[in-house]
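Trainee: Dumping the structure here so I can ask a few things about it.
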Amino acid sequence: MTEPQQDVEAPDWLSAAEIGMWQAFRNGSTYDLRTRNPVLDDPMTTRPWPPERSVRARVVALLLLSGPPALPGRVAALKLSGVQITGTLKLAGGRVEPYVELNSCRFEKEVLLPECHFTTLRMVGCAIPRLEAARLHTEGDLHLPRCSVPGGIRLTDAQIGTDLLINQIVVHQDRNGRSIAADGLSVAQDLQAEMIESNGEFSLRGAKVGVSLSLRGSRLRRPYGVEGRRALNAPQLTVERTLYLTPAGIGPRGAAPGTTPPYGIGNTPVRGTRVQRFECEGGLRLDDGRFGDAVDFDGARFTMSLGHELSLRRVQTPELRFLCDRPEEGKVVLSGAKVGNLVDKADSWPRPGGLTMNGFTYDCLVPRGLFPLSRRLEWVTAATPEYAPEPYERLAAVLRNSGEDADAREVLLAKQRRRRETLPLAGKLWGYLQDWTVAYGYRPGRAAVWMAVLWAAGAAAFAQLDPPAINSEQHPEWNASLYALDLLLPVINLGQDGHWRLTTGWQWGAAGLILLGWVLATTVAAGASRLLRRG
């Protein structure tokens, strides 16, 4: 058997508060210096705390990096509540084995954790001037809920072993305009950033999240005084399941403020709860993102100015739930995006000039509420200030695959009418003629109606005529109805045309029937060829 470890006394140069922290560390218990007065214990206020509640950052670093052994039968851990840490906490490049949990603590200066290794780090409701944690590694969780970080957070290339939770954090921009710089961040499980207040650019370029990324109820604001920044900048973001930019429930009606638990605010607000919507003031960029289940904008609100974009270029996801409020300014860009189900509302899409979707593909439309075909065509028109056939053809293909052939034909007819606007005068006239007669072949029943009308009119007119035969010895019996039909039907010979001598006026009438017959036949043939190509 190994001998039990000898007791390690606290150094005599420690203050009374630091000696208490030393002993609590060895015991694995919480060192609590709170007064139980909410006003005096609030770390976010500027009210000074007395010296007996303060410990030096270098003593905290000593405990975490090379602290004394735990008491027999205990596990060493740093658990602090209501403690002020003076000086700069420097743990850069260190390996912290003990469990760390700080509640309602106040840091005098920034916290430096670049390239530091933790098992689990939890700082709940703490005031931190700035958190510098580039290339941080944790085997377990990193929790920062309800913290206030006026100088911003840097988590560039950090690797979180399980969950990253920053619910209800309040963070402001650094000197570069970023509130949270987390480019290249890797989170093995969930990234929960619910009901946060980000005053600066939240940057997640190339980040990877192993399960879901939740920004429910958060408020993101672009940086002020820094050009080229967005409220959320997350190109090449990979989320294995769902990205939520949706409302969050903030407790039952009548609940006291601040009673929302910081861990796991919940998926869908239940009835009777107060709701806080996701709000984004400034641009949002998710270009080239990959989302395994869905991107959910249900109830989101975007406030953009001229030049700002809600950019989803080349995004790939099985489902896009575009159920936000209509952005009044800025632009929604879906160019090159690939979506399985497009769940949307008629009043979610921006007005003409505010939508771009060149190369946007989707497999199925799932409208929420009333979304008639006329509004859907307005949606396509809004996305194509200049004529482009692809959005119409994509919409028609999706409707046809859903069994809505009549609506698909209406979409293709709208495409032809839109195309007609780009043609020269002769093309426009020919287009109007095709439209009036057989609707470009998408309403072939019109051809039968026109044929019947012209046949009846021709038969009635020729019934007044008894023309002489060209060959008096060999000719059929005069039949006005068959003669009119023979003129109307090109190619087909019913044995009447070419046997009768007509005067000049009647010749012009016959020529008119022949010409109209060819026009009807040509438009019907064009429509039939389009049907065959679609088949």
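Results for (1) at pLDDT 95 or above; (2) in contact with a strand residue (DSSP E or B) (Cβ under 7 Å, 6 or more places away or on another chain), shown as yes or no for each residue.
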position	(1), (2)
P257	no, no
R285	yes, yes
T303	no, yes
P327	no, yes
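Trainee: Would you pick out the residues in segment 297-332 that are out of contact with any Gly (no Cβ under 8 Å at 6 or more places or on another chain) and among the small types (G, A, S)?
Mentor: Of everything in segment 297-332, those that are out of contact with any Gly (no Cβ under 8 Å at 6 or more places or on another chain) and among the small types (G, A, S) turn out to be G299, A300.
Trainee: Does at least one position in segment 508-530 carry a residue that is open to solvent by 70 Å² or more (accessible area, probe 1.4 Å), more than 60 Å from the chain's Cα centre (by Cα) and modelled with pLDDT of 70 or more?
Mentor: Yes, there is a match, as at least one residue in segment 508-530 is open to solvent by 70 Å² or more (accessible area, probe 1.4 Å), more than 60 Å from the chain's Cα centre (by Cα) and modelled with pLDDT of 70 or more.
Trainee: Take A182 and tell me if it is at pLDDT 95 or above and either under 21 Å from the mean Cα position of the chain (by Cα) or closer than 21 Å to N103 by Cα (or both).
Mentor: Yes, satisfied.
Trainee: Could I ask something else about it? Among the residues of segment 349-396, write down those that are part of a helix (DSSP H, G or I), surrounded by fewer than 16 Cβ atoms within 10 Å (Cβ to Cβ) and of a type outside the set (D, E).
Mentor: The answer is S374, R375, P389.
Trainee: Right, here's the next one. Within the bounds of segment 75-83, is there any residue that is over 42 Å from the mean Cα position of the chain (by Cα) and either surrounded by 17 or more Cβ atoms within 10 Å (Cβ to Cβ) or farther than 26 Å from P145 by Cβ (or both)?
Mentor: Scanning segment 75-83, I find at least one residue that is over 42 Å from the mean Cα position of the chain (by Cα) and either surrounded by 17 or more Cβ atoms within 10 Å (Cβ to Cβ) or farther than 26 Å from P145 by Cβ (or both), so the answer is yes.
Trainee: Taking segment 89-133 on its own, how many of its residues are more than 21 Å from D163 (Cβ to Cβ), within 34 Å of the chain's Cα centre (by Cα) and among the aromatic types (F, W, Y)?
Mentor: So the count comes out to 0.
Trainee: Something else about it: Checking E139 against (1) under 20 Å from L64 (Cα atoms); (2) open to solvent by less than 30 Å² (accessible area, probe 1.4 Å), which test does it fail?
Mentor: (2)
One line per residue, one yes/no per condition, for (1) surrounded by fewer than 21 Cβ atoms within 10 Å (Cβ to Cβ); (2) out of contact with any His (no Cβ under 7 Å at 6 or more places or on another chain); (3) free of Cβ contacts under 8 Å to residues at least 12 places away in the same chain; (4) part of a loop (DSSP other than H, G, I, E, B):
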site: L102; (1), (2), (3), (4): no, yes, no, no
site: K109; (1), (2), (3), (4): yes, yes, no, yes
site: P114; (1), (2), (3), (4): yes, yes, no, yes
site: P129; (1), (2), (3), (4): yes, yes, no, yes
site: R135; (1), (2), (3), (4): yes, yes, no, yes
site: P145; (1), (2), (3), (4): no, yes, no, yes
site: D157; (1), (2), (3), (4): yes, yes, no, yes
site: Q168; (1), (2), (3), (4): no, yes, no, yes
site: V171; (1), (2), (3), (4): no, yes, no, no
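Trainee: Within segment 292-315, can you find the residues that are assigned to a strand (DSSP E or B) and over 10 Å from the mean Cα position of the chain (by Cα)?
Mentor: Hits for segment 292-315 are R301, F302, T303, E309.
Trainee: Now, a different point. Of all residues in segment 190-206, which are in contact with a strand residue (DSSP E or B) (Cβ under 6 Å, 6 or more places away or on another chain) and either over 18 Å from Q173 (Cα atoms) or of a type outside the set (A, V, I, L, M) (or both)?
Mentor: Passing the criteria: L191, Q192, E194, E197, S198, N199, G200, E201, F202, S203.
Trainee: Still on this structure, I have one more. Taking the conditions exactly as written (at pLDDT below 95 and not basic (K, R)), does V226 satisfy them or not?
Mentor: yes
Trainee: Can I ask one more? Need the failing condition index for T317 against (1) more than 23 Å from N401 (Cα to Cα); (2) crowded, with 18+ Cβ neighbours inside 10 Å, just the number.
Mentor: (1)
Trainee: Do any helices (runs of 4 or more DSSP H) entirely within segment 406-495 hold 1 or more residues that are at pLDDT 85 or above, and if so, which?
Mentor: Result: 425-438.
The values are calculated or read from the model by the stated rules, or taken from the named source; none is laboratory data. Note that the structure is a prediction, hence the values are computed from the model and not measured. All Cβ positions, even for glycine, are placed from backbone atoms using ideal geometry, and neighbour counts span all protein chains on display. Heavy atoms of the whole protein, side chains included, go into the accessibility calculation; ligands, DNA and RNA do not. Shrake-Rupley method; radii C 1.70, N 1.55, O 1.52, S 1.80 Å.
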